[in-house]
Amino acid sequence: MVDQKTSDERLYLALDLPSVGEAKSLVNKLGECIVSYKIGLQLLSIGGVELGQELKAMGKNVFYDFKFHDIGATVEKATRSVSALKADLLTVHARPEVMKSAVAGRGDSNLKILAVTVLTSLDNEALKEIGYHQGAKELVMRRVNQALECGVDGVVASPLEASAIRNAVPKDFLIVTPGIRMPSDNLNDQKRVSTPGATLNLGASHLVIGRSITQAKDPRKTALNIISDIAGG
């Protein structure tokens, strides 16, 4: 059993790196302190799926952040393919047809479907430029309600919406939050952010952290500091 003082399965490390080789090297450096990993679009076409399978064989949790967004039939078939990989989490965009199709595609597998509400790189001004008349929080909550109706297992949303979502969903509904930063971190392209422990206290079920660890001089030490922040709330 993993020592909970040095790891926390609620923390997903985003392996947003240029190559599978670099990702594997980082996994080896981190050892037992990270037990959950997210694989996104950067690695998808260069061996990301296979890397996920290797991580599963090591006993890790795997989150395929593929953000499916297509016609229903295509999403259903693609989700069925991912469900055969024994991954733990998969993202799709929070459009009703897409969400319903993903739920149908995962069938009776253990794959959890997460609906992406509003990307954490977007704030109210950016949404206005795109053409939305609602602010981020209002749009997120609308999509949360649609996600509940479609039967997905959870949503991806920023820490700033976590509390409102938690108050509106069942206890077992997953709230996965990117945009996590330690106080000393550079925000980079993120707009709606919070610290790890504070985000869990707001109602998040899982955290996604990338550059804070992947770009650190000592990734393992940084990961342990984040885990300590989680434990301290």
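The values are calculated or read from the model by the stated rules, or taken from the named source; none is laboratory data. Values in this document were obtained by computation on a predicted structure and should not be read as measured data. Positions of Cβ are backbone-derived with ideal geometry, glycine not excepted, and every protein chain shown enters the neighbour counts.
Which residues, counting only those in region 137-162, are outside any helix (DSSP H, G or I) and of a type outside the set (Val, Ile, Thr)?
We begin by selecting, within region 137-162, every residue outside any helix (DSSP H, G or I); these are 151-158.
Scanning region 137-162 gives Gly151, Asp153, Gly154, Ala157, Ser158.
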Please find, among Gln4, Gln42, Gln53, the residue that is at pLDDT below 95 and either surrounded by fewer than 17 Cβ atoms within 10 Å (Cβ to Cβ) or touching a Ser or Thr at 6+ places or on another chain (Cβ under 8 Å) (or both).
Gln4
Looking only at region 94-109, filter to residues that are of a type in the set (A, V, I, L, M, F, W, C) and surrounded by fewer than 22 Cβ atoms within 10 Å (Cβ to Cβ); which one of those is nearest to the chain's Cα centre (by Cα)?
Val103
Of all residues in region 66-93, which are polar (S, T, N, Q) and surrounded by 22 or more Cβ atoms within 10 Å (Cβ to Cβ)?
Thr79, Thr91
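Can you tell me which residue is surrounded by the fewest Cβ atoms within 10 Å (Cβ to Cβ) among those in region 110-136 that are touching a residue at least 12 places away in the same chain (Cβ under 8 Å) and part of a loop (DSSP other than H, G, I, E, B)?
Restricting attention to region 110-136, the residues satisfying the condition of being touching a residue at least 12 places away in the same chain (Cβ under 8 Å) are 110-118, 120-124, 126-127, 136.
Those left that are additionally part of a loop (DSSP other than H, G, I, E, B): 110-111, 117-118, 120-123.
Numbers: Asn110: 9, Leu111: 22, Thr117: 25, Val118: 26, Thr120: 24, Ser121: 14, Leu122: 17, Asp123: 16.
This residue is Asn110.
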Of Gln42, Gln53, the only residue that is free of Cβ contacts under 8 Å to residues at least 60 places away in the same chain and touching a Pro at 6+ places or on another chain (Cβ under 8 Å) is Gln42
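Just give me the residues in region 56-83 being among the hydrophobic types (A, V, I, L, M, F, W, C), farther than 23 Å from Ser228 by Cα and either modelled with pLDDT under 95 or not in a loop (DSSP other than H, G, I, E, B) (or both), in sequence order.
Result: Ala57, Phe66, Phe68, Ala73, Val75, Ala78, Val82.
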Counting just the residues of region 148-171 that are hydrophobic (A, V, I, L, M, F, W, C) and in contact (Cβ under 8 Å) with a residue 40 or more places away in the chain, which one comes out surrounded by the fewest Cβ atoms within 10 Å (Cβ to Cβ)?
Cys150
Taking Asn225 as the residue in question, decide whether it is assigned to a loop (DSSP other than H, G, I, E, B) and at pLDDT below 95.
no
